[in-house]
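Report on the structure given below.
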Amino acid sequence: MTQKDSSRGLTSVGRNDSTHRFADRYKEWLRTTGEETKQEEDRVETYSELPAHDIYGFGNEIKSLQHFLLDQKVYKEFKSLVIVGEHGVGKTALCQKIFNDDDVKSVYAPRVWVSMPSNESKEGLDGKICVLKKILKALGVEDSMFESIRREVVEEVSNRREAGEIDGETAKEKELSALLYALHLNLRWKKYMIVIDDVREEDNWNEMLQDGEEKQWGKYLSDGFPKGSGGRVIYTTRDENLAKKLVAEKHEIHCLWPLSDSYSVWKIYEAMILKREKEPPRKDKKCIDELMNKSRGLPLAARLLAELDPVLLVNEKADQNGSNDGQTDSVNNPTSEENKTTQPL
């Protein structure tokens, strides 16, 4: 990605083409991940298994999460945490790592991973009902139970209408209340751990997970989570404003920032290159600094850049002679047009 990357394979004939290919692919990735384009649609389904790639640079964050989950001083207290950070910073991978930690697994049962839905997630109660069913299915509740709840709710609402009774609750509200009660029963007396990945504003889960004296039981996610057995709930979100709505105290928000250690970013990049059975560029300061500049410290960006063939602009001989052949300004000059148009992830 820098001049020194170029020493391994491109001649001057192909330099401009490779530069443009790199720039086009990079800008395309920026467009598909930027805040101004793909916002809420096409969410990726995530799973609880360890990520397929290696994790570098998050040692302190992993220790912090371990402390949150394993602190004996608050063993029986209910605790919630929101991990907030931009797309590609590693929120999901960090949660997958801690979700599969042996010490955590030995303490928490059940452990449930919830990937927030995309097409299923709708404004109103449908999204909440969908998420509750996901959690209950992970706890072993079968579809027949959901069908039974639905039938009973519809029948009850119909009978009340025929009798002229008006209680103000719709069938969906009653179904939500019944599912919350079922969740509460399934988690009662258990030291559970729930990870709810990629929560967004339109999911309508913008409520604190705490007991509310003035709240009507059966309408809030808090009702489904028993509070006396040391349960833990972890959210991930890109939205800092939403994160503030989900917790009662500021210290319950963990901000995950892009990596500042360029060596860790290089390790992420190098691991992906080797996984593709490609020869990595030379590991020197220029290469590492260029990767850090292009990826902005985002692990996802570093892995994506590893999927591209290295943009090699100068051969070793020219580099040793201190010549840049006049063709590297667009990549290495921070004031170039390419850098001016690059928008934040």
Could you order Asp197, Asp284 by accessible surface area, starting with the largest, using a probe radius of 1.4 Å?
Asp284, Asp197
For the full complex of protein chains and a 1.4 angstrom probe, list Tyr47, Tyr56 by accessible area with the highest value first.
Tyr47, Tyr56
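When Lys and Arg each count +1 and Asp and Glu each count -1, what net charge do the other residues less than 13 Å away from Glu162, Cβ to Cβ, add up to?
Working: positive: Arg160, Arg161; negative: Glu155, Glu156, Glu165.
My count for the surroundings of Glu162 gives -1.
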Greater than 30 Å apart at Cα, pairs in Lys134/Lys275; Lys250/Lys294; Lys91/Lys278; Lys105/Lys174
Lys134/Lys275; Lys250/Lys294; Lys105/Lys174
Mark the label point 7 Å from the Cα of His251 along Cα→Cβ and return the residues of the stretch 53-87 whose backbone N is within less than 11 Å of it.
none
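The values are calculated or read from the model by the stated rules, or taken from the named source; none is laboratory data. These numbers come from a predicted model, not from an experiment. Ideal geometry is used to build each Cβ from the backbone, glycine not excepted, and the neighbour counts take in all protein chains shown. Ligands, DNA and RNA are excluded from the accessible area calculation, which covers all protein heavy atoms including side chains. Shrake-Rupley method; radii C 1.70, N 1.55, O 1.52, S 1.80 Å.
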